[in-house]
Amino acid sequence: MLRLRLLLIISAACNAAAFNLFPPAPLEQAGAKAVQNLDRRQALTTSAVGLAGLFGFSGQALAFGGKLKSVNSQLAAYGLPQISSVPDGFSPLLELYGTGQNRDTLLVEFLHPSDWIVVKPNNDVNGEDGTIQAGEYAKGDTATFFVWDTGKKKIEDQDKDFFASAIKKAISQKGDNVYQDFKIINTELQQHEAQTYVIVDFKYVLLTGAGFEVERRGVASVTSEGNGVQVLWAATISARFKKTKEQLRVCAESFRVYADGIKVNKIDYNDKDFEVKKPALK
């Protein structure tokens, strides 16, 4: 217990020293629009923005996952499989990735613990930035979406080195020197409708900006839809893995991503008549 508390203190302290803990700047809107203020829930979760920085996504807007009925109605509108049930203590998340001009659009779905904070991509004049992530950041528990622009792959034909490369790229978005001792523990092929996913158990050592080494364990789901490879990786510090591994596995195994037929009106700041709005799921 003492070792766990020490790791949590170190993780939070390292992050506080290395990342800005103030809320993200409001989104500047085009034309005569002023700014989009943070809502009450965003204000209440300001500290979580800073803690999210340790895992690479400190500058994004915050939100909370949708309810099952709402999520299923949106899935039905696209003609996609609906979520049959949600375990106690979890919430479903359905979110668009790629609403900016610089990314292909994907529809991302997964379950996460209900008390986790959800972080979503931002859009500005440079396009979309950031990703979809949920987590209990103070404890180091996160589930993060990542896209590897490597072209369409037949996932069932890939070897362990391929999945290692995909997850390494996912965990090293701030640079290759943020981890060491990466190892894949197990892989499992899963089929969902016409889609193929590979569940990967892995571990690594996180190298923080303050010089600390934090052992982490995780479960990832890897697939390939559209023009790339997509990963949802859920991880925590090793000292918490025994307690949280089932939660992380639910996150990974519930992950679905769709590319075909997902159409949105892309956000375009270069269009002087464009009014900044969140694109509707459909």
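Observations, loosely collected:
- Candidate cross-link partners of residue 242 among the aspartates and glutamates, defined by an alpha-carbon separation under 15 Å and a same-chain spacing of 8 or more, comprise 141, 201, 215.
- Radius, Kirkwood style, for the stretch 68-123 when every pair of distinct Cα atoms is counted (Å): 12.5
- Measuring r between the beta carbons of residue 249 and residue 129 and using R0 = 35 Å, the FRET efficiency lands at 0.75.
- Within a straight-line Cα-Cα reach of under 15 Å, residue 169 can be paired with the following aspartates and glutamates, leaving aside sequence neighbours fewer than 8 residues apart in one chain: 149, 161, 181.
- Computed from label points 7 Å out along Cα-Cβ, the spacing between residue 150 and residue 101 is 3.0 nm.
- 192, 112, reordered so the largest accessible area comes first (probe 1.4 Å): 192, 112
- Heavy-atom accessible area for residue 106, with the other protein chains in place and a 1.4 Å probe, reaches approximately 10 Å².
- Orientation-averaged projected area, Cα convex hull of the stretch 122-181 (nm²): 6.2
- FRET E, pair residue 157, residue 207, Förster distance 45 Å, beta-carbon r, rounded to 0.05: 0.85
- Ordering 225, 193 by accessible surface, largest first, gives 193, 225; the 1.4 Å probe counts only protein heavy atoms, with every chain in place.
- Cross-link pairs beyond the 21 Å C-alpha cut-off, checked among 152/263; 168/203; 67/203: 67/203
- Average projection area in nm² (convex hull over Cα atoms of the stretch 93-141, one quarter of hull surface): 3.8
- Ranking 130, 163, 89 by how far each Cα lies toward the positive end of the dipole of the stretch 80-191 (charges on Cβ) leaves 163 at the top.
- In nm, spacing of pseudo-spin labels at residue 177 and residue 265 (7 Å Cα→C-beta vector): 4.6
- Largest to smallest accessible area among 125, 219 [probe 1.4 Å]: 125, 219
The values are calculated or read from the model by the stated rules, or taken from the named source; none is laboratory data. Fair warning: this is a prediction, and the values are worked out from it, not measured in the lab. Cβ sites come from the backbone with ideal geometry, for glycine too, and all protein chains shown count toward neighbours. Calculation scope for accessible area: heavy atoms of the full protein, side chains included, ligands and nucleic acids excluded. Shrake-Rupley method; radii C 1.70, N 1.55, O 1.52, S 1.80 Å.
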